[in-house]
């Protein structure tokens, strides 16, 4: 991620609306994106993120609102006159052109001198590490190589901002992870503003300086990845971003920094603070919950419950356990597989103690 971001917004979106017939795809959305920022738009299918990206590119025109790029209102400016380029999900490479020909295509339309085009193509080929492949056609390249050609072509005209519409969706998991690193490295080296649309949460968390989560045409939270994960601002965000246990509850008493909650299907839970609401929701990430062997006859400290392991999923570096509390409530717990042996691991049917620290609970009232 970028080490330091400019405080001056390169992109300013003000109350933008886009409708298709009676359907509002983007609903009065406002957002600032800084120069040199890698920004991710994340959300479920149909939330409006691609429509917003297409409006930034000039492929759709807002029904209301303004889009300022470097201080200029470009909401009505056609795509070819905007200092913006877009990289599409299917890469849209010309099959009859070589790697060099694809990269040079936009430069030729600008009527650049041949020597300048050749120099820029060489620069882009080196940037995305495709040396030696300049003469190959797209069908002679791997998926990752085609992705890099599309990236080089998008960057060749040196736009002020690069828009990426799910550019890694067609790649397998390992190649996607490698390409994420390459995208971040290219963005850092160029200091360019990148805006990426993705439905892949781990991808957004990996590449972005900030993430804007969209739902039903609106931005529901904009935050850095860690803040978004650790302090979601609503039940919906908590449930959408990452894995989480959501427990409905009712505030029973407040004494200083100690709030007692009657959590439905769980029991008495202590949290350090809670909103001024009677009905609340407790959000606990699976990795914040600890499992230990049950000790018969021992008293239970705050936020500790007896349970039985009902299911274990081994995922390599971690295991996902499902445990059933005596109340009948089910919780998901993540455990790190720190050793190669299973001598200390849990087994289905084991009686365990479930516990979590008050400070690891996120309390939500909406």
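The values are calculated or read from the model by the stated rules, or taken from the named source; none is laboratory data. The structure presented is a predicted model; accordingly, all values stated were derived computationally and were not measured. FYI the Cβ positions are ideal-geometry reconstructions off the backbone, even for glycines, and counts take in every protein chain you see.
Considering the conditions (1) surrounded by fewer than 12 Cβ atoms within 10 Å (Cβ to Cβ); (2) out of contact with any helix residue (DSSP H, G or I) (no Cβ under 7 Å at 6 or more places or on another chain), residue 83 is excluded by exactly one of them, (1). Checked against the criterion of being crowded, with 17+ Cβ neighbours inside 10 Å, at pLDDT 95 or above and in the same structural domain as residue 220 (by TED's automatic domain parsing), the candidates 107, 93, 53 yield just one match: 53.
Filtered by the rule that a residue be over 15 Å from residue 328 (Cα atoms) and not in a strand (DSSP E or B), region 249-267 gives 256, 257. Is there a residue in region 338-359 that is touching a helix residue (DSSP H, G or I) at 6+ places or on another chain (Cβ under 7 Å), surrounded by 12 or more Cβ atoms within 10 Å (Cβ to Cβ), assigned to a loop (DSSP other than H, G, I, E, B) and modelled with pLDDT of 90 or more? Yes: one or more hits. Kindly check whether there is at least one residue in region 141-151 that is closer than 25 Å to residue 48 by Cα, within 23 Å of the chain's Cα centre (by Cα) and not in a helix (DSSP H, G or I). No, region 141-151 has no match at all.
Scanning region 31-46 for residues that are out of contact with any helix residue (DSSP H, G or I) (no Cβ under 8 Å at 6 or more places or on another chain) and over 20 Å from residue 160 (Cβ atoms) gives 45, 46. Taking the criterion of being outside any helix (DSSP H, G or I) and in contact (Cβ under 8 Å) with a residue 40 or more places away in the chain, the residues of region 105-128 that qualify are 110, 128. Restricting the first member to region 251-264 and to residues that are assigned by TED's automatic domain parsing to the domain that holds residue 302, and the second to residues that are part of a strand (DSSP E or B) and loosely packed, with under 12 Cβ neighbours inside 10 Å, the beta-carbon pairs closer than 7 Å and six or more apart or on different chains are 260/253.
Checking region 93-102 against the condition returns a match, with at least one residue being assigned to a helix (DSSP H, G or I) and over 31 Å from the mean Cα position of the chain (by Cα).
Answer yes if at least one residue in region 185-195 is in a helix (DSSP H, G or I), surrounded by 19 or more Cβ atoms within 10 Å (Cβ to Cβ) and within 20 Å of the chain's Cα centre (by Cα), and no otherwise.
Yes, region 185-195 has at least one match.
Among the conditions (1) free of Cβ contacts under 8 Å to residues at least 60 places away in the same chain; (2) closer than 25 Å to residue 96 by Cβ; (3) touching a helix residue (DSSP H, G or I) at 6+ places or on another chain (Cβ under 6 Å); (4) part of a helix (DSSP H, G or I), the only one that residue 180 does not satisfy is (2). Among all residues of region 129-139, there is none that is under 25 Å from residue 51 (Cα atoms) and free of Cβ contacts under 8 Å to residues at least 40 places away in the same chain. Screening residue 252 against (1) modelled with pLDDT under 90; (2) over 30 Å from residue 205 (Cα atoms) leaves a single unmet condition, (1).
Of the residues 133, 171, 162, the single one that is buried (at least 16 other Cβ atoms within 10 Å of the Cβ), touching a helix residue (DSSP H, G or I) at 6+ places or on another chain (Cβ under 8 Å) and in a strand (DSSP E or B) is 162. Name the residues in region 149-159 that are in contact with a helix residue (DSSP H, G or I) (Cβ under 8 Å, 6 or more places away or on another chain) and under 16 Å from residue 70 (Cβ atoms), would you? Residue satisfying the conditions is 157 alone.
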